[in-house]
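Rule-based calculations on the coordinates, nothing more; no lab input. Just so you know, these numbers come straight off a predicted model, no measurement behind them. Using ideal geometry, Cβ is built from the backbone for each residue, glycine included, and neighbour counts are taken over all protein chains shown.
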Amino acid sequence: MKKIQIAFLAVISSIVLVSCNTKDDDFFNSVYLDAPDLVRVDDPTIDGIVGNILSFHVVIDRYLDEGLTTPLDIYKTTGATSFGFSYSLEVKNSSGNWVSYLNGGAEYNVGEVVYDSVNETYSFDKTISLSAGTYRFRLGESHQGAANTDFISRNEPNKTSVVISSRPKKFDGTYFDNDGYYYFTID
């Protein structure tokens, strides 16, 4: 009888251990979505009224299509009032090296795409004054690779986390390069 009890405990223990996994997403309840064209970058080389500035914008609709009959309500799912992401802007120095142009040399800056309940969208707008030089701009890498960027929900505790991957576009409708950079020169 004692052998049966030990064998039973061994089987139950094996089942419990086999059902465990180390994937954080199963534990933290994350949803991953692809949403094209969330980022728009204006032309930084326009002279005149606009001046030499880099402006970029992020707009995320509250309801995102995930291939099902009903779009996902990311606000209801996450309770998030914002999504976070990172970005960098570098300028080529006289030695030909890329150095950070923002915040005293910080490699990346954090942006918050904030929820607007009137328009039912999350939005972010940033304008950066530029001096003459050669620049490269990028948003932080995605779990899908360097060409995309992730927008990560700043959700309430015990709510599902949503990670939205998107590939940024330039003002002319073309995408950033495959390494996630947009290169431009200000004269």
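In this rough spin-label picture, where each label sits 7 Å from Cα along the Cβ direction, the S129-T174 distance is 3.0 nm. Backbone amide hydrogens, once placed in the peptide plane, bring L38 within less than 5 Å of R167, excluding anything fewer than 5 places away on its chain. Length gained on full extension, S94 to Y108: 2.9 nm, using 0.36 nm per residue less the C-alpha separation.
Order the peptides 99-108, 69-78 from the highest to the lowest mean number of other Cβ atoms within 10 Å of their residues.
Working: 99-108: 11.8, 69-78: 15.5.
Per-residue mean Cβ counts within 10 Å order the peptides as 69-78, 99-108.
With just the Cα atoms defining each centre, how far is segment 118-144 from segment 81-117? Give it in Å. Spelled out, the Cα-based centre of one part sits 8 Å from the other. Where a ≥ b ≥ c are the square roots of the eigenvalues of the C-alpha gyration tensor, would you call segment 69-187 rounded, which needs a/c under 1.5, or, failing that, prolate if a/b is larger than b/c, or oblate? Prolate shape, in that a/c is at least 1.5 and a/b is the bigger ratio. Couplings for segment 124-129, taken from phi via the Karplus curve 6.51 cos²θ - 1.76 cosθ + 1.60 with θ = phi - 60°, read 8, 9, 9, 10, 10, 6 Hz in order; Gly and Pro are left as x. Answer rounded, prolate or oblate for segment 48-119, using the Cα gyration tensor with square roots of eigenvalues a ≥ b ≥ c: rounded when a/c is under 1.5, else prolate when a/b is larger than b/c, else oblate. The shape class here is prolate. Report ³J(HN,Hα) in whole Hz for each residue of segment 90-100, in order, from the Karplus equation J = 6.51 cos²θ - 1.76 cosθ + 1.60 where θ = phi - 60°; Gly and Pro get x. Whole-Hz 3J(HN,Hα) from phi for segment 90-100: 10, 10, 7, 7, 5, 8, x, 9, 7, 10, 5.
Taking 0.36 nm per residue of separation and subtracting the current Cα-Cα distance, fully stretching the chain between R154 and E66 would add 29.7 nm.
Using mean Cβ contacts within 10 Å as the protection proxy, how do 34-42, 88-96 order, highest first? Please list the in-between numbers first.
Working: 34-42: 17.2, 88-96: 13.6.
Going by the mean number of other Cβ atoms within 10 Å, highest first, we get 34-42, 88-96.
Our compactness index for segment 118-187, the C-alpha radius of gyration over the empirical 2.2 N^0.38 Å, is 1.37.
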